[in-house]
Amino acid sequence: MRSKTSYSEAEIDWHDGVPYSRQFGDVYFSSDSGLNETQHVFLAHNQLEKRWQGLQSGHFTIAETGFGTGLNFLCAWRLWDNCAPPTARLHFISMEKHPLTHADITQALSLWPQLARQRDQLLAQYRFLTDGFHRLVFDDGRITLTLLIGDVNDMLPQLAANLAANKIDAWFLDGFVPAKNPEMWQQSLFNNMARLSHAETTFATFTSAGEVRRSLEKAGFAVNKVAGFGRKREMLCGQYMGQLQTKSAPLQSNAIVIGGGISGCASAHALASRGWQVKLIERHAALAQEASGNPVGVLYPRLAVKDNALSRLSLAGFLYTSRLLQQLNLNQTTYSACGLLQLAFDARESTRCKAIAAQNLPTELVRLVDNNEASKLAGTSLAHGGLYFPSAGWVSPPTFCEALARHTNIEILTSSCALRVTRKITRNGSSWQVWGDKNLLAEAPVLIIASANDSAGFEQSAHLELEPVRGQMTFVNATTASRQLKTILCTNGYICPEVDGQHSLGATFSPDETSTELRTGDHQANLATLRRMAPELHQSLKMQSMTGRAALRCATSDYLPLLGQLLDSTALTAKPPRHNADPAGLPWLEGLYVNTGHGSKGLITAPLCAEILASMICGEPAPIDAKLLAALDPNRFLLQKMGLKRLIASAAIR
């Protein structure tokens, strides 16, 4: 959710090698030694080394007000490497209204070569920081950074809403001094801290200001005044002592995922990266045999002029998938960030492109280009300009699926058709059993259904509203002229640069059609789209031999995926709840989740949704805002039909 006050980049001056904020008139870290200051104020006075050496739970969460140069994050990461259990995970949440540019943060962090390993990984992903939530994952999932770009008092309520199960373990109250940054140090900040804290939550801050101490105490924190660092005589630290809550106990870390496409493989990968043992069930003899089996898939965010859930999910998903692909290290024959031109082919589209370009988005992410620049970027003559996405590109979906599933914690069961699901309840809890014709395929306390249109084929998920949409791609042999194409061209269809001697064109959109036979008419429709985008390319390719592939997408009526825990629809309809019912009291199917309905955007939405789902299952902060999380609720159509629309938002974030 975009903050009420849109962010702007930090304005930096350099004083003797130390970054100085022009916006706040203050330095980012101590000129004596920023690294030692971080260790003294935040690491030592949250007792992190001692707590991490004796860590019992599977993960630890730190929240910070003011990411700045990222120094606190990197120092915490280094300490975690040195003393935390090897199987534990650190989740670091940080809010920043004025993020530093990539160049400035690189210069600032160059002061500490001892942080080089962590710094280089951060800098590789520290790009395209738009308003809202950003999820960055390091060291194969051992370290997770969630950056919230926006005003802290806008972002913390969103965090408070989607972090209901487990709480913050330690607070780094950073940011510029209260006298120079009074908008941050409000009572609402401390009240939201209290909402997010539990019985063992600690805090530390460099300031010793009286108004900060009083506000913390008012919110329920015990506050101690101790020796500060360097020229700062005193600082504050303490522990939450308000209405005490305990952290939720972790679930058994065994899960089943049904479906070997992008959604299923990404869901298995997200849990496996958290140390879970996952059985991935696929009915075909290999992964990615349905819609995820297309040889080429296009990666770009379809942005809207007005802020809406679909546009926010598209942008967040694109950024997450781009970072994930970077970590998977696919080679250039299976993934290319070659750039994409979304052409303004008519007056309406031109107006839309100009409106999007006028939004507060980094130019490194998207910018408006005229037809001359578009032609140079594409390597072919174009009559129209449009939006240029430099980091967009294409990927081989089957290779993507294989890379996601290639994890030591994932067991793949191919040629295994899941026909029914049953729940087994014992004295020690419950588990889900997945059955084939007569044999038990797998059993675990957590089950994720991610089998596209087949997701509604089980008794427990029959209420899901999914729509099959046929799509046909066309593959055309490249010519000497067409090999000059350097970027993807896109309107309501697309053409990719040559891959293995062929161009991929696509794809048709035929709702409620289930045939996967190739149609000459669909090939002609794809060629007609190419003619509108790039007449010269069309002229070069129209006489070439064509092949293709047709598959069924899985869509929903509002074009948003279905993601989250399922309700027992039979129990819900038999005894409908009141409009103001407590979501916790609804008939939830414990441990049963879905990740499906991604339509034609599965490459950019399914991996992020898998990360959301894994965070939900493990009681971690979600990588998206609470409003968007509610928009994805898989029970939303059922609740709407029952006149219980008001329950959707609270149910998703209970």
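A few points about this structure:
- Value of D in µm² per second that Stokes-Einstein yields for region 345-472, Kirkwood Rh from Cα pairs, at 25 °C (0.890 mPa s): 123 µm²/s
- Based on protein heavy atoms only, region 1-115 ends up with 40 Å² per residue of surface accessible to a 1.4 Å probe.
- Three-way shape label, region 314-355, alpha-carbon gyration tensor, a/c 1.5: oblate
- Whole-percent carbon and sulfur share, accessible surface of the chain, 1.4 Å: 48 percent
- A 1.4 Å probe, protein heavy atoms only, puts the accessible area of Phe345 near 50 Å².
- Peptides 546-557, 218-229 ranked from most to least packed, by the mean per-residue count of other Cβ atoms within 10 Å: 546-557, 218-229.
- Antiparallel %, DSSP beta bridges [both residues in the chain], to 5: 65 percent
- Prolate/oblate/rounded label for region 306-379 (Cα gyration tensor, a/c 1.5): oblate
- Shape category assigned to the chain from the gyration tensor of Cα positions, a/c cut at 1.5: oblate
- Surrounding net charge for Gly317, when Lys and Arg each add one and Asp and Glu each subtract one, Cβ distance under 14 Å: +3
- Solvent-accessible area per residue for region 357-484 (1.4 angstrom probe, square angstrom): 44 Å²
- Mean separation of Cα contacts under 8 Å, 6 or more apart, over the residue count of region 296-402: relative contact order %: 38 percent
- Here the relative contact order of the chain, from alpha carbon pairs under 8 Å that lie six or more residues apart, stands at 14 percent.
- Ranked packing of 380-386, 267-273, most packed first, by mean Cβ within 10 Å: 267-273, 380-386
- Accessible surface of Cys353 - all protein chains present, 1.4 Å probe, nearest 10 Å²: 0 Å²
- Surrounding net charge for Asn72, when Lys and Arg each add one and Asp and Glu each subtract one, Cβ distance under 10 Å: -3
- Local electrostatic count, Ala84, Cβ distance below 14 Å [Lys/Arg +1, Asp/Glu -1]: +1
- Part-to-part distance (alpha-carbon centres) for region 495-519 and region 109-131, which is given in Å: 40 Å
- Cross-link pairs beyond the 20 Å C-alpha cut-off, checked among Lys279/Lys424; Lys279/Lys601; Lys376/Lys601; Lys575/Lys645: Lys279/Lys601; Lys376/Lys601
- Among the cysteines of the chain, those whose beta-carbon sits 4.7 Å or more from every other cysteine beta-carbon are Cys75, Cys83, Cys237, Cys338, Cys353, Cys417, Cys490, Cys496, Cys554, Cys609, Cys618.
The values are calculated or read from the model by the stated rules, or taken from the named source; none is laboratory data. Everything numeric in this text was worked out from a predicted model, so none of it was measured. For neighbour counting, all protein chains shown are included, and Cβ atoms are generated from backbone atoms with ideal geometry for every residue, glycine included. Note: accessible area is taken over every heavy atom of the protein model, side chains too, but ligands, DNA and RNA are not part of it. Shrake-Rupley method; radii C 1.70, N 1.55, O 1.52, S 1.80 Å.
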